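The values are calculated or read from the model by the stated rules, or taken from the named source; none is laboratory data. Note that the structure is a prediction, hence the values are computed from the model and not measured. We place every Cβ from the backbone using ideal geometry, glycine too, and count neighbours over all the protein chains shown.
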There are 2 protein chains.
Amino acid sequence: MIAGSHFPNTLMIRKLETIFTFADEEKQALLNLPIQVITLKADQDIVRVGDRPSQCCLILEGFSCVYKLTSEGKRQIMALYVPGDIPDLQSLHLKAMDISIAPISPCTVGFIQHDDVRHLCERYPRIAAAFWRETLVDGSIFREWLLNVGRREAYTRMAHLLCELLIRLKAVGLVEGGIFDLPITQAELADAIGTSSVHMNRVLQALRADGLVQTKGKQVIVPDWEKLKEAGDFDPFYLHLEEAGVV
Amino acid sequence: MIAGSHFPNTLMIRKLETIFTFADEEKQALLNLPIQVITLKADQDIVRVGDRPSQCCLILEGFSCVYKLTSEGKRQIMALYVPGDIPDLQSLHLKAMDISIAPISPCTVGFIQHDDVRHLCERYPRIAAAFWRETLVDGSIFREWLLNVGRREAYTRMAHLLCELLIRLKAVGLVEGGIFDLPITQAELADAIGTSSVHMNRVLQALRADGLVQTKGKQVIVPDWEKLKEAGDFDPFYLHLEEAGVV
DNA sequence: CGTGATGTTGATCAGACTCAAGGGAGGTGG
DNA sequence: CCACCTCCCTTGAGTCTGATCAACATCACG
C-alpha cells in the first residue's frame, strides 16, 4: 500500500515538507484543498503541449513523466515524477503547456483546480512561497539533468538517475532497505537519459555486473549506496531537501 | 548605447513585460525598487554553488551564464542571460545556490535586495506572479535545452541556440536587422551546447558554409531567419512571450 | 498457445572526443 | 612603434562512445 494514497492531501503535504516547513494552520488549509482522484492507464497523456489546463495534477500512485518531442519525433523525457509530486504546477502561471505529461505506469492522480490553489496562495503567502519553491526545485533538477546529459557519459548518467530516484522516493517513504519499485521500460529510461534503448540495455548490464544495482522484475535493489553515489557523481544538494544528507 | 542601461529598472520592466502585463501602479512600484549598479570583468563569478546570497542580480549590459561542473571538472553552461534577465531570481526561495553565475563578457549588473523584492511581492501579488512566472519561463528554457542536448545533434543544437538568442535579444531591443553582438568564445559555446570546443568550431564552420550565419568579430548576422529556424528545429513557443510569433 | 511488447545480442557505422600543433589577433610593455 | 605574449581559432589524425540495423529471446497476457 502506497503511503498516504487514501489521503491525497497528506501525501502532498508530506512531499512539500521535504522542502518547506509549514505552520499548523497552513497544513490545515492544505488538508482542506479539494482534490479529485482519477486513475489512468500508462501512456494516456495527462496534458499535452499547447493545452491550457485549469487544474494541476498531483501524482498519488505510480510514476509519470514530462516529455517533449523534436520535429523528428525523438523523445526526451525531462523529468520523472513520483507520488507526491505536482508535475504541472507551472501551469498556474504559464497559460499554455510547453510539455506533455504521461503516466509511465498505471497511475492514480489527483486534480487540483487552479482557482483553489490561487485562493490558497492569496490567503497564505507562505503556501505560495512553498509552491513557488517547489517549482524552483523542479528547475534545479532540470539543470542537474542538463549537466548529466551534456557532460556525463551514459553509465554515469544512469547511476545518477538511480541515485536521484532513490532519494526522492525515500523522501516520500517508498524505499525500504535500498529497494524500490521502478515500473519503467528500458526504452523510457533511454529517453530520460538521452541514449538509444539498445545502449541503455548495455549500460544496465554494466551497472549490474559492477554490483551497483540488482533488478527483480520492476524492483530495483541498491546494495551499496555509497558505491552507486560515487559511480553516479551524485550529490543530493540540488534537490534542496530540508534535512540535507539523507541516506 | 544599450537600451535602458541608464535605467536598470526600466530595462527590468521591459523584459518582464515580454512575459507579463503590468498595471501602471505596479510599474511604478517596480521603478522605485532600489538597484545597486556594479561593473564586473569576465569570468569573475557573481555567485557560486553553495552561496547564500541576500540579493538578486539583474543583467544590465553584457552576457552572463549559469553553469555547473561535474566532479571531473567538465563544465555545462545551463543558460545564457542577456540584459534584462535576472539569472538568480530563484535565490529568493532557495537559500543555497545550486549553480554558479559568471559574466562571459565584461558585464554591468544591478543588485536587488531580496528583502525589497519580498516587500514588493507582499504588497503587489501580481508582481509576485510576474517574478514567479519569470522563474517558470527559465524552467521552460532549461527543458528545451535538455531536449536540445539530449536529442538533437550538435549542428541543430547550435542553430537552435542562435535562434533563441536572436529572439530573446530582440525582445529587449538588442537586435537590428538580424544582427546582434555575441561576445562569447567558441569554448563557451561548446560548454553551452555540450560539445568539445574543437567540434564547436567545425559546427560553426558548417553553419557559415550553409549560409545560416555570418560572423564579424563578435557580431552575428542572421541573413535568413526562416532557414535558421528550420535548421535549428526552433519554435519560440517555449519562451512564453506575450506577443507570440515574434520575428 | 499465439501475439505483441520488452529485453538481449552482434555487427557496423557515424558523430563527436582527444591529442597535438600551428596560425591570428589583440593587448601590453619596453 | 615594435616585439612579445596570451588567448582564441583552426586543422589534421586517430579513437571511442554510442547510434543504427537486424535478429532473436523472453515474458506477460488474453
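Brief remarks on what is shown
- Selection count where residues are in a strand (DSSP E or B) and either aliphatic (A, V, I, L, M) or surrounded by fewer than 16 Cβ atoms within 10 Å (Cβ to Cβ) (or both), scope region A:22-72: 11
- The set of residues in region B:127-143 that are in contact (Cβ under 8 Å) with a residue 24 or more places away in the chain, within 11 Å of another protein chain (Cβ to nearest Cβ) and over 16 Å from the mean Cα position of the chain (by Cα) comprises B:Ala129, B:Ala130.
- Some residue of region A:211-229 being within 14 Å of chain B (Cβ to nearest Cβ), modelled with pLDDT of 95 or more and either within 12 Å of DNA strand D (Cβ to nearest atom) or on the phi > 0 side of the Ramachandran plot (or both): no
- When A:Thr70, A:Thr156 are screened for being of a type in the set (Ser, Thr, Tyr) and within 20 Å of the chain's Cα centre (by Cα), only A:Thr156 passes.
- Positions within region A:188-206 being within 14 Å of chain B (Cβ to nearest Cβ) and more than 11 Å from DNA strand D (Cβ to nearest atom), in sequence order: A:Glu188, A:Leu189, A:Ala192
- Single unsatisfied condition, B:Phe63 versus (1) facing chain A (nearest Cβ under 8 Å); (2) closer than 30 Å to A:Ala96 by Cα: (1)
- Within the option set A:Ile112, A:Ile167, A:Ile127, being buried (at least 22 other Cβ atoms within 10 Å of the Cβ) and in a helix (DSSP H, G or I) holds for one residue only, A:Ile127.
- Failed item, numbered, when A:Ser105 is tested on (1) surrounded by 19 or more Cβ atoms within 10 Å (Cβ to Cβ); (2) within 16 Å of DNA strand D (Cβ to nearest atom); (3) over 21 Å from A:Lys74 (Cα atoms): (3)
- Residue match in region B:76-96 (condition: modelled with pLDDT under 95, closer than 24 Å to B:Thr195 by Cβ and surrounded by fewer than 24 Cβ atoms within 10 Å (Cβ to Cβ)): no
- One residue from A:Trp132, A:Trp145 being closer than 19 Å to B:Trp145 by Cα, surrounded by 24 or more Cβ atoms within 10 Å (Cβ to Cβ), of a type in the set (A, V, I, L, M, F, W, C) and at pLDDT 95 or above: A:Trp145
- The one condition in (1) at pLDDT 95 or above; (2) among the charged types (D, E, K, R); (3) surrounded by fewer than 20 Cβ atoms within 10 Å (Cβ to Cβ) that B:Asp138 fails to fulfil: (3)
- Sole residue being at pLDDT 95 or above and surrounded by fewer than 16 Cβ atoms within 10 Å (Cβ to Cβ), chosen from B:Arg152, B:Arg157, B:Arg118: B:Arg118
- Looking across region A:129-156, the residues that are among the basic types (Lys, Arg) and within 16 Å of DNA strand D (Cβ to nearest atom) come down to A:Arg151, A:Arg152.
- The one condition in (1) within 14 Å of another protein chain (Cβ to nearest Cβ); (2) in contact (Cβ under 8 Å) with a residue 24 or more places away in the chain that B:Gly173 fails to fulfil: (1)
- Residues that are among the hydroxyl-bearing types (Ser, Thr, Tyr) and touching a helix residue (DSSP H, G or I) at 6+ places or on another chain (Cβ under 6 Å) were ranked within region B:6-63; the one that is nearest to A:Lys95 (Cα to Cα) is B:Thr18.
- Filtered residue count, region B:99-108, keeping only those that are of a type in the set (Val, Ile, Thr) and at pLDDT below 95: 2
- Every residue from region A:186-234 that is in a loop (DSSP other than H, G, I, E, B), surrounded by 15 or more Cβ atoms within 10 Å (Cβ to Cβ) and either within 13 Å of DNA strand C (Cβ to nearest atom) or without any contact (Cβ under 8 Å) to a residue 24 or more places away in the chain (or both): A:Gly194, A:Thr195, A:Val213
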